[in-house]
Amino acid sequence: MILTSGIKPNHIKANLNLVLKSGHYPVNEFLQVKGVKEVYSLGDCVQFFNQDSISPLPALAQVTVKQAKACGLPIEDAART
């Protein structure tokens, strides 16, 4: 697990090919970083869209708390197997 906090995306230099031009990590509906197995990201370092939305969710603590609950379930399931 990698945690970064702040008010703008924090760049992890390990693989710049993952980062969008905006500095965010692209994630799927399960908050998995696209193109990387078993890596999740949430909060202000991701660009996450609701279904039928053209704008990403705002980088607010309230959104991040909900994202944490949502991505915690697949992580918990994976840990059990």
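The values are calculated or read from the model by the stated rules, or taken from the named source; none is laboratory data. Remember, it's a predicted structure, so these values are computed and weren't measured experimentally. Surface accessibility is based on the protein's heavy atoms, side chains included, excluding ligands, DNA and RNA. Shrake-Rupley method; radii C 1.70, N 1.55, O 1.52, S 1.80 Å.
Summarising the amide proton neighbourhood of residue 27: residues at separation of 5 or more, or on other chains, whose placed amide H is nearer than 5 Å comprise 34, 47. Given their separation in residues at 0.36 nm each and the Cα-Cα distance between them, residue 57 and residue 39 gain 4.5 nm when the chain is fully extended. Per residue, the accessible area of the stretch 34-81 comes to 76 Å² when a 1.4 Å probe rolls over the protein heavy atoms.
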